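Worksheet: the structure to be examined is printed underneath.
The values are calculated or read from the model by the stated rules, or taken from the named source; none is laboratory data. These figures come from a predicted structure and were not determined experimentally. Methodologically, a virtual Cβ is constructed for each residue, glycine included, from the backbone with ideal geometry; neighbour enumeration extends over all protein chains shown. Just so you know, the surface numbers come from the protein's heavy atoms only, side chains and all, with ligands and any DNA or RNA stripped out. Shrake-Rupley method; radii C 1.70, N 1.55, O 1.52, S 1.80 Å.
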Amino acid sequence: MDQARDGDVRRDGPGDVQVVALAADGDVVRARHAVRDLAVRLAFDLVTQTKLVTAASELARNTVLHGGGGTMTLEPVQDAGRTGIRITFADEGPGIAQVDKALTEGWSSGGGMGLGLTGSRRLVHEFSLDSAPGRGTTVTVVVWRRG
Amino acid sequence: MVRTGQVLIATLGDELDDQSALGMLSDVADRVARDRVQGVLLDISALEIVDSFICKVLGDTAAVVKVLGAQVAVVGMRPVVAITLVELGLPLTGVATALTVDHGLALLAGSAAAVGPTGREGGGPGPRR
């Protein structure tokens, strides 16, 4: 994956994949704005927007705090006439040894990661977590527009 | 932060990053001790989202204010934020909430009258009776 640096938000043409660098606290706010802007532009209803932005905030914070920084990739997706948003959070941090456990309700690695993962999982339609020790962590979520 | 009578109203801005949220906690604690107010309202009506970190800071701020001996309520939560927090499994348990600043003031006045100046945990939404 391409890396965006220094708080850069990059747009790649009309199909527009945006990559937001996640290095510090302020980048989490920037990530929330980017997700909100796309959800508004795709006419998501307010509840779905709010759930998606909240989930993105949790996951962006995880990337910054636990992954040592990384990127958020944001893109519109289409499937069988449905419109959705896919967001991928990727870092090259220490990774997660027990992925199943990390997704168990109420389980926390000690740094508050458990709630961020299990909580954000409840707010989206599709959720996948790919991680292993030393291999970093990639979390991908998809939310579909209602109706 | 504005003071009205014996109540301090802290309004949280929309661009709330984690450090600003933690700064708000210590600012509120300092003002409560310095101004010796009897109550604090944490106005979150400008917040478009409340995630687990902001929720924890709100809960911690409320706990600190209570320990200092003042009443506290979180006011102005947007309906979509409430829906999302409940879904996240973080319904701000143990923290008094009210729909608006006016409801919050009535809630604090009601608790002060009901339990006196020593303070006690507030109830759910709406004025305490």
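Can you confirm whether A:L117 is under 20 Å from B:V86 (Cβ atoms), within 14 Å of chain B (Cβ to nearest Cβ), modelled with pLDDT of 90 or more and open to solvent by less than 20 Å² (accessible area, probe 1.4 Å)?
So A:L117 does not fit the description; no.
Take the conditions away from chain A (no Cβ under 14 Å), out of contact with any Pro (no Cβ under 9 Å at 6 or more places or on another chain), open to solvent by 40 Å² or more (accessible area, probe 1.4 Å) and not charged (D, E, K, R) and apply them to B:M1. Does it pass?
yes
Among residues belonging to the stretch A:41-63 that are more than 11 Å from chain B (Cβ to nearest Cβ) and of a type in the set (A, V, I, L, M, F, W, C), point out the one that is surrounded by the most Cβ atoms within 10 Å (Cβ to Cβ).
Result: A:F44.
All but one of (1) part of a loop (DSSP other than H, G, I, E, B); (2) surrounded by 14 or more Cβ atoms within 10 Å (Cβ to Cβ); (3) more than 9 Å from chain A (Cβ to nearest Cβ) hold for B:E48; which doesn't?
(3)
Among (1) open to solvent by less than 60 Å² (accessible area, probe 1.4 Å); (2) under 19 Å from A:A60 (Cβ atoms); (3) modelled with pLDDT under 95, which single condition is B:V81 missing?
(3)
Give the stretch B:59-95 a look and list any residue that's closer than 19 Å to B:A21 by Cβ and touching a strand residue (DSSP E or B) at 6+ places or on another chain (Cβ under 7 Å), or say none.
B:T61, B:A62, B:V65, B:K66, B:V72, B:A73, B:V74, B:V75, B:G76, B:M77, B:L92, B:V95
Taking A:T88, is it modelled with pLDDT of 90 or more and either open to solvent by 50 Å² or more (accessible area, probe 1.4 Å) or not hydrophobic (A, V, I, L, M, F, W, C) (or both)?
Numbers: modelled with pLDDT of 90 or more: yes; either open to solvent by 50 Å² or more (accessible area, probe 1.4 Å) or not hydrophobic (A, V, I, L, M, F, W, C) (or both): yes.
Judged against the criteria, A:T88 is a match.
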